[in-house]
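All remarks here apply to the structure that follows.
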Amino acid sequence: MAVLAFGCCAGYVGRNVASIFCGGGRNETLNVTFSYPFRLNQVLLVETNGTLCNHTVPQTHLVQDVSSSAEFFVAVGVLAFLYCLLALLAYVGYMHIYRDSDLCPIADFLMTVFFAFFWMVSSSAWARGLQLVKEATGTEAVRAILPLCHELGVTCEVTDYASMRSLNISVVVGYLNMMVWAGNAWFAYKETRWSTQKASSQPGGRAQAPAPI
């Protein structure tokens, strides 16, 4: 699930097509290609100084930079995947050491809680970042960036939107990862001495001494 989360985000490449209707049946098109880590302020809307609808338009970039939230989300996913491999190795090859140690179960429980928390934080940050990506590549953003779109008789509109299905999936799977790790924290807790000490202190939890003969 961690691979699915960061793979859907880190491997994304999208392209929007903005159409500029100049009037009189004439129109211009602008292709905008954006990808991970979504530094949109470095993505060119108008590549070079040129003429659109008989107006000179300077080199123009999109707005917004959501690379911090995207990279944070991917980093949590990669680290979670690596920890899963490490934990699997410990469970399969060194379970006898794991059960005989007090430190290993506690460290495992704390790491599980740590990842559950950071899946929640990173997924929330990336969900907000994705919303900003959608806004920054939409029609209203293009109209705000290009003064040409406010000229009389000129209409600007994004006519072909890139599919962001994989990015939506990454957000959903991020929250699913949070729930999986939070649920797994309970099982990790049951392996710690905190749980065993609590169980032994309960009535009936401590073995009774044999009655004297």
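The values are calculated or read from the model by the stated rules, or taken from the named source; none is laboratory data. For clarity, every value in this text was computed on a predicted model and none was experimentally measured. Don't worry about glycine lacking a Cβ; one is built from the backbone with ideal geometry, like all the others, and counts go over all protein chains shown. Side chains are part of the model used for accessible areas, which takes the heavy atoms of the whole protein and leaves out ligands, DNA and RNA. Shrake-Rupley method; radii C 1.70, N 1.55, O 1.52, S 1.80 Å.
May I ask you to derive the relative contact order of segment 1-127, considering only C-alpha pairs under 8 Å and at least 6 residues apart, and to give it as an integer percent?
Values: 147 pairs, mean separation 27.0, N = 127.
Relative contact order here is 21 percent.
Quick one: with all protein chains in place, what share of the accessible area of segment 1-95 is carbon or sulfur, to the nearest percent (1.4 Å probe)? Mind dumping the intermediate values first?
Working: 2940 of 5000 Å².
Summing carbon and sulfur atoms, their accessible area is 59 percent of the total for segment 1-95.
Along the Cα→Cβ direction, 7 angstrom out, place labels at Leu176 and Ser68. What is the inter-label distance in nm?
Once both label points are built, they end up 3.0 nm from each other.
In deg cm²/dmol, rounded to 500, what helix-only [θ] at 222 nm does the chain give when every DSSP H run of at least 4 residues adds -39500 (n - 2.57) and the total is split over its residues?
Values: 7 runs with 118 residues, N = 213.
-18500 deg cm²/dmol, from helical runs alone.
Per residue of segment 131-143, in order, report the coupling 6.51 cos²θ - 1.76 cosθ + 1.60 (Karplus, θ = phi - 60°) as ³J(HN,Hα) in whole Hz, putting x for Gly and Pro.
For segment 131-143, the Karplus-derived couplings read 4, 5, 4, 5, 5, 6, 10, x, 4, 4, 5, 5, 5 Hz, x marking Gly and Pro.
Rounded to the nearest whole Å³, what is the per residue volume of the convex hull around the Cα atoms of segment 41-182? Kindly include the intermediate steps, with their values, before the conclusion.
Values: hull volume 16.2 nm³, N = 142.
Each residue corresponds to 114 Å³ of Cα convex hull volume.
How many Å² of accessible area per residue for the chain, probe 1.4 Å?
57 Å²
Enter the Cα centre distance for the pair segment 1-77 and segment 151-171, rounded to the nearest angstrom.
Answer, in whole Å: 10.
Length gain on complete extension for the stretch Glu135 to Glu151, per 0.36 nm per residue less the alpha carbon to alpha carbon distance? Write out the running numbers ahead of the final one.
Numbers: separation 16, 0.36 × 16 = 5.76 nm, distance 2.23 nm.
Answer, rounded to one decimal: 3.5 nm.
Give the Kirkwood hydrodynamic radius (Å, one decimal) of segment 55-94, defined as one over the mean of 1/r across all pairs of different Cα atoms.
Details: mean 1/r = 0.0735 Å⁻¹.
Result for segment 55-94 stands at 13.6 Å.
Relative contact order (percent) for the chain, with alpha-carbon contacts under 8 angstrom and 6 or more residues of separation?
Details: 300 pairs, mean separation 61.4, N = 213.
With pairs under 8 Å counted, the relative contact order is 29 percent.
Would you mind computing Rg(Cα) / (2.2 N^0.38 Å) for segment 91-146, counting N as its residues? List each step's numbers first, then the result.
Working: Rg = 21.7 Å, N = 56, 2.2 N^0.38 = 10.2 Å.
The reported ratio for this selection is 2.14.
Report the relative contact order of segment 86-170, percent, no decimals, based on alpha-carbon pairs under 8 angstrom and at least 6 residues apart.
Details: 22 pairs, mean separation 11.9, N = 85.
Rounded, it is 14 percent for segment 86-170.
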